[in-house]
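Working notes, structure below.
The values are calculated or read from the model by the stated rules, or taken from the named source; none is laboratory data. Remember, it's a predicted structure, so these values are computed and weren't measured experimentally. Quick reminder, even Gly has a Cβ in these numbers, built from the backbone with ideal geometry, and neighbours come from all protein chains shown. Heavy atoms of the whole protein, side chains included, go into the accessibility calculation; ligands, DNA and RNA do not. Shrake-Rupley method; radii C 1.70, N 1.55, O 1.52, S 1.80 Å.
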Amino acid sequence: MNTVAVIGLGYVGLPLVVEFGKHMRTIGFDIARNKVLACQRGTDPSRELEDEQMAQARHAIYTDDPALLAEADMIIVAVPTPVDQAHIPDFRPLIGSSTSVGRHMKKGVTVIYESTVYPGATEDVCIPVLERESGLKWKEDFFVGYSPERINPGDKEHTLTKILKIVSGDTPETLDRVARLYEKIIVPGVHRASSIKAAEAAKVIENTQRDLNIALMNELAIIFDKLGIDTTEVLEAAGTKWNFLKFKPGLVGGHCIGVDPYYLTYKAQQIGYHPEMILAGRRINDGMGAYVVSQLVKQMLRQRIHVEGSRVLVMGLAFKENCPDLRNTRVIDIVSELQDYGARVDVHDPWVDPAEAKAEYGIDTVASPEPGSYDAIVLAVGHRQFAEAGAAAMRALGRQTHVLYDLKYILPAGASDLRL
């Protein structure tokens, strides 16, 4: 094996390029020219990897020229799998990538998919595109594997090389090739699934399980609020039992937990089964933005703050802490709800690219919120800058009478007026 190519230079693809680039010639490909240029300069456009880490990939090259894919013996596809507004899987990134790969891949190549999909999607959606565009025959002229990504953006502990990797292949020989490839960079090794479908299913339920557990916490938070009980205190007390799962209530967005369950429910409905529990969890989590704003408005009214025309500062726009990714952020639900109440909303996020926030959501973020200007401050994302600033700095942003709502539990108990 001489050359590996990776399609996609985001959170998933770029770490693969860097790690494989330490050992072998590795081509990092992306259609986004700005990402390619950033990588060529030695900088990760998603800010997950340090420049020093980028520099260690001595055998890596970055390009937006798909013709270079013809030089690869193994091609890894690491592109997003979003859903549309109707929660239907959007396969355009996968189909587009498969089209580029099919047009340029050489005979004998092994193509490995890492994108999260429903069981059967690799074989039903991707492989026909590879055959059509290449004119080659699957399992004779090219082979396919699946190894789902397990990257956790913003997590500096559970990084690519430290996470056990699931691998699968269309034949036993393909499985061996895929396993040997990842074993070069994955310290804990690999888990060999018996089939591509089994590996796809394993990945999609990882995030479905988390989604349902968070939905339970969100529903409990709503119930406890109506009962006048502090949710944090209840969870801390329950957490003293060794087998209590320590999930917390909160917004559920991003390109994994808030999306992946819809892939599974889509496939389930295709085969005639209505997945009640999974969709119930999705409904609860998707409604938390409106619930948060209803609680904030009630507290503002209790403090005789007129909501219409009020100024509200939302701290954070990214879908999670210490991460610039805006995809499917549910913070936008809070912003939209507040605007529906007639509030003037400022959004501050030191991690987010202002141009991206404007293009994606029409939001002009503020670089430096003006102290003493806000009727309410919502700590929506737990960025380390906010935690390090502390409660006094957050309070200083508010007017003499204001509401401080800590959604992410980054302030000490009692330091805010509201917690989810």
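Below are the figures for this structure:
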| item | result |
| --- | --- |
| Of residues in segment 104-146 being small (Gly, Ala, Ser) and farther than 20 Å from ALA202 by Cβ, the one most open to solvent (accessible area, probe 1.4 Å) | GLY135 |
| Neighbours by Cβ (under 6 Å, 6+ apart or cross-chain): first from segment 124-139, within 19 Å of GLU173 (Cβ to Cβ); second in a helix (DSSP H, G or I) and of a type outside the set (A, V, I, L, M, F, W, C) | LEU130/SER98; LEU130/GLY102; TRP138/GLU131 |
| Subset tally (residues that are basic (Lys, Arg) and closer than 15 Å to TYR374 by Cβ) for segment 280-325 | 1 |
| Every residue from segment 198-256 that is at positive phi and either open to solvent by 20 Å² or more (accessible area, probe 1.4 Å) or part of a helix (DSSP H, G or I) (or both) | GLY228 |
| Qualifying residue in segment 147-156 (condition: closer than 23 Å to ASP325 by Cβ, at pLDDT below 95, open to solvent by less than 10 Å² (accessible area, probe 1.4 Å) and not hydrophobic (A, V, I, L, M, F, W, C)) | yes |
| Residues of segment 187-237 satisfying the condition of being without any contact (Cβ under 8 Å) to a residue 24 or more places away in the chain and in contact with a Ser or Thr (Cβ under 8 Å, 6 or more places away or on another chain) | PHE224 |
| Lone qualifier among ALA57, ALA70, ALA86 - being within 21 Å of THR26 (Cβ to Cβ) and modelled with pLDDT under 95 | ALA57 |
| Selection status of LYS226, basic (Lys, Arg) and in contact with a Pro (Cβ under 6 Å, 6 or more places away or on another chain) | no |
| Matching residues, segment 26-40, being of a type in the set (S, T, N, Q) and open to solvent by less than 10 Å² (accessible area, probe 1.4 Å) | THR26 |
| Test for VAL259: is it farther than 30 Å from THR401 by Cβ, open to solvent by less than 20 Å² (accessible area, probe 1.4 Å) and in contact with a strand residue (DSSP E or B) (Cβ under 9 Å, 6 or more places away or on another chain) | yes |
| Every residue from segment 157-192 that is touching a helix residue (DSSP H, G or I) at 6+ places or on another chain (Cβ under 9 Å), part of a loop (DSSP other than H, G, I, E, B) and open to solvent by 60 Å² or more (accessible area, probe 1.4 Å) | LYS184, VAL187, PRO188 |
| Any chance HIS23 is surrounded by fewer than 18 Cβ atoms within 10 Å (Cβ to Cβ), within 28 Å of VAL187 (Cα to Cα) and touching a Gly at 6+ places or on another chain (Cβ under 6 Å) | no |
| Any hit, segment 292-314, residues being under 30 Å from VAL117 (Cα atoms), among the β-branched types (Val, Ile, Thr) and open to solvent by 10 Å² or more (accessible area, probe 1.4 Å) | no |
